[in-house]
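First up is the structure itself, then whatever we jot down about it.
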Amino acid sequence: MRVTALACLSLISVTTAFCSELSAPAASREESQFITNGVPTGTDFGAVGAIFFDFGNNGSLNPVCTGSLIAPTVFLTAAHCLAFLPPTAQLFVTFAPSVGFPPNPNPVIAAQEFHFHPGFTTEPALATAINDLGVVILPAGATSGIAPLQLPPAGQLDLLAQGDGLVGKVFLNVGYGVSASAQGKPTLSADGLRKVSTSPFKVLTHDWLGLLMNSNATGQGGVCLFDSGGPKFLDGETATVLGVTSWVDPHCRAAGFSQRVDTPSAREFLGQFVSLP
């Protein structure tokens, strides 16, 4: 499966890197995990889904990003997953634990519309984005049986960080993204499964939750291409989304940063679509 230039915008820091071929699942664990060093979720994390779009207008759906249901008709993702699509793009969402390889998502929900934060901008020199939040609006009744995830109160991460409260904490990454090889020449692989990995806390800024994603150093995991928009959970608190995957280093081997959803700017945007705690 060839990754298109547009699809590569699903993880900003990868756009200038190895946007070429995805290999089929390899035999080694480090190259066969669809989310870096993760394990399949099965029916767990059922409110986490994947976004698809027909880039070639030929009826073949291609993966764009990950996201999560935060209200019966509101699917949270990253702004950079949406901002580079045509305004009239018909998006599709699936909550299936496997989308196949090559991707053949089933069943899918046809989205009604999508929106991204009006303050969304990118900083190409830094490979980062600002206000990197978006929502996909789904038809009423389409997500029946799926319990939406919660958003945190205002400033929740700041409260948790008081007194070094986040030091040593572990966060969960959930997504449908590809895996990167841990060593040597960077390679990507995919198997179509929704997976979960763990990453230790690194830093908290006004806008970002930073996590350590060097699996060789931490013995844990991280995220890569197409995990963008996926939720971040504090380990043991999987009902509340604290951030969405935004960017990572080009080789998916070091730190990753997630857009916080508890900031004033994030809440002002999201409050247009959901009731906030």
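Among the conditions (1) closer than 20 Å to Ala78 by Cα; (2) of a type outside the set (Gly, Ala, Ser); (3) modelled with pLDDT under 95, Leu133 misses just one, which is (3). In segment 22-49, the residue that is nearest to the chain's Cα centre (by Cα) out of those that are surrounded by fewer than 24 Cβ atoms within 10 Å (Cβ to Cβ), modelled with pLDDT of 75 or more and at negative phi is Ala47.
Of the strands (runs of 3 or more DSSP E) that lie entirely inside segment 172-264, not one contains 3 or more residues that are under 16 Å from Leu157 (Cα atoms) and modelled with pLDDT under 75.
For segment 65-93, filtered to residues that are polar (S, T, N, Q) and within 12 Å of the chain's Cα centre (by Cα), the residue that is nearest to Ser228 (Cα to Cα) is Thr66.
The values are calculated or read from the model by the stated rules, or taken from the named source; none is laboratory data. Keep in mind the model is a prediction, meaning the values are calculated, not measured. Methodologically, a virtual Cβ is constructed for each residue, glycine included, from the backbone with ideal geometry; neighbour enumeration extends over all protein chains shown.
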